[in-house]
Amino acid sequence: MKKIFIFLGPPGSGKGTQTSRLADKLSLPHIDTGSLLRKNIQDETELGIIAKGFIDKGNLVPLKVVSEVIKDRLSKDDCLDGFILDGFPRSIEQAEALSQILSELGKFDLKEDAMAVYFDIDNELLIQRLINRRSCPKCGTIYNLISNPPKIMDYCDICDSKLTIRKDDNEETARARFVTYENETAPLYEFFKQLGILKELKADGSISEIWEELKKIVFDE
Ligand code: AMP
């Protein structure tokens, strides 16, 4: 089986939920660059201060910043047997940087060890999903007020914390993130296809339907 899983798809396509599940199932670390960057912002690190302006506008954080964050994370011991990437790479230059980082770490090769799963979904559905997304600041559980609401409005089912709305989940930033996705990230579809590591998944079903399809793709490989 492959050891590196890359998830490709527009914002709000459900990648975060499925990658967390897959990480639990395979006991691999779930590496989510958006969360790593938000943690840097919260901790007011030098990288976080640079990243903030880009994130608030729905733009990609510069390659240098994101490469440093990802290289640092992939160098940790829990990545020795593989890992699941969520939100990285997000452009061709980031995919090339990933390939370079992997060869520097000397453990994996992008073509041999990675699988890229593309979440195929209608874009119009997605803006609504993003606007209705809520997450728990304490345990990280993600809800959707329409398709997956918490039992008590605005409170986490797991730990009772008050749910929050991500700052970049307002309509204006959400639309900007789609434009960024189309311009920068969508070309990765062809890039991974050419490399022979692309798998496609229909991502407009329920969370459990998508999960069943994802398992088939991952375990039938
Ligand atoms: P996400 O949580 O994956 O939706 O990411 C939120 C924001 O973080 C994005 O809109 C970007 O501004 C930034 N970000 C996350 N991952 C990356 C990446 N791989 N490259 C550049 N910026 C990123």
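The values are calculated or read from the model by the stated rules, or taken from the named source; none is laboratory data. Please read all numbers here as calculations on a predicted model, not as lab measurements. Quick reminder, even Gly has a Cβ in these numbers, built from the backbone with ideal geometry, and neighbours come from all protein chains shown. The protein model used for the area step is the full one, side chains on, heavy atoms only, and it has no ligands, DNA or RNA in it. Shrake-Rupley method; radii C 1.70, N 1.55, O 1.52, S 1.80 Å.
Checked against the criterion of being open to solvent by 40 Å² or more (accessible area, probe 1.4 Å), free of Cβ contacts under 8 Å to residues at least 12 places away in the same chain and in a helix (DSSP H, G or I), region 191-203 contains one or more residues that satisfy it. Of the set (1) in contact (Cβ under 8 Å) with a residue 60 or more places away in the chain; (2) open to solvent by 50 Å² or more (accessible area, probe 1.4 Å); (3) within 13 Å of the ligand (Cβ to nearest atom), all apply to Phe7 but (2).
Taking the conditions exactly as written (closer than 29 Å to Asn148 by Cβ and assigned to a helix (DSSP H, G or I)), does Leu102 satisfy them or not? Judged against the criteria, Leu102 is not a match.
Based on this model, can you work out whether Ala95 counts as within 22 Å of Leu195 (Cβ to Cβ), away from the ligand (no atom under 12 Å from the Cβ) and under 17 Å from the mean Cα position of the chain (by Cα)?
no
Can you confirm whether region 118-136 contains a residue that is over 19 Å from Pro10 (Cβ atoms), touching a Cys at 6+ places or on another chain (Cβ under 8 Å) and in a loop (DSSP other than H, G, I, E, B)? Within region 118-136, one or more residues are over 19 Å from Pro10 (Cβ atoms), touching a Cys at 6+ places or on another chain (Cβ under 8 Å) and in a loop (DSSP other than H, G, I, E, B). For Leu63, are the conditions met, namely being at pLDDT 95 or above and either farther than 18 Å from Asp109 by Cβ or away from the ligand (no atom under 11 Å from the Cβ) (or both)? Yes: the conditions hold for Leu63. Based on this model, can you work out whether Phe5 counts as among the aromatic types (Phe, Trp, Tyr), within 26 Å of Lys193 (Cβ to Cβ), over 12 Å from the mean Cα position of the chain (by Cα) and modelled with pLDDT of 95 or more? Considered against the rule, which asks whether it is among the aromatic types (Phe, Trp, Tyr), within 26 Å of Lys193 (Cβ to Cβ), over 12 Å from the mean Cα position of the chain (by Cα) and modelled with pLDDT of 95 or more, Phe5 comes out as no. Counting only helices (runs of 4 or more DSSP H) that fall entirely inside region 1-98 and contain at least 2 residues that are among the acidic types (Asp, Glu), the qualifying elements are 46-57, 63-74. The single residue among Gly48, Gly53, Gly12 that is under 30 Å from Ser206 (Cα atoms) and open to solvent by less than 50 Å² (accessible area, probe 1.4 Å) turns out to be Gly12. Right, Val69: out of contact with any Cys (no Cβ under 9 Å at 6 or more places or on another chain) and open to solvent by 10 Å² or more (accessible area, probe 1.4 Å) or not? Answer is yes for this residue. Of Gly82, Gly58, Gly87, Gly106, all but one fail to be at pLDDT 90 or above, closer than 16 Å to Gly12 by Cβ and either of a type outside the set (Phe, Trp, Tyr) or within 10 Å of the ligand (Cβ to nearest atom) (or both); the exception is Gly87. For region 152-190, the candidate set comprises residues that are among the β-branched types (Val, Ile, Thr), within 14 Å of the ligand (Cβ to nearest atom) and open to solvent by 50 Å² or more (accessible area, probe 1.4 Å); within that set, the residue that is modelled with the highest pLDDT is Thr164. Taking (1) in contact (Cβ under 8 Å) with a residue 60 or more places away in the chain; (2) of a type outside the set (Phe, Trp, Tyr); (3) over 30 Å from Glu209 (Cα atoms) in turn, Lys111 satisfies each apart from (3). Out of Asp32, Asp43, Asp24, Asp77, one residue alone is under 17 Å from the mean Cα position of the chain (by Cα), free of Cβ contacts under 8 Å to residues at least 24 places away in the same chain and open to solvent by 10 Å² or more (accessible area, probe 1.4 Å). It is Asp24.
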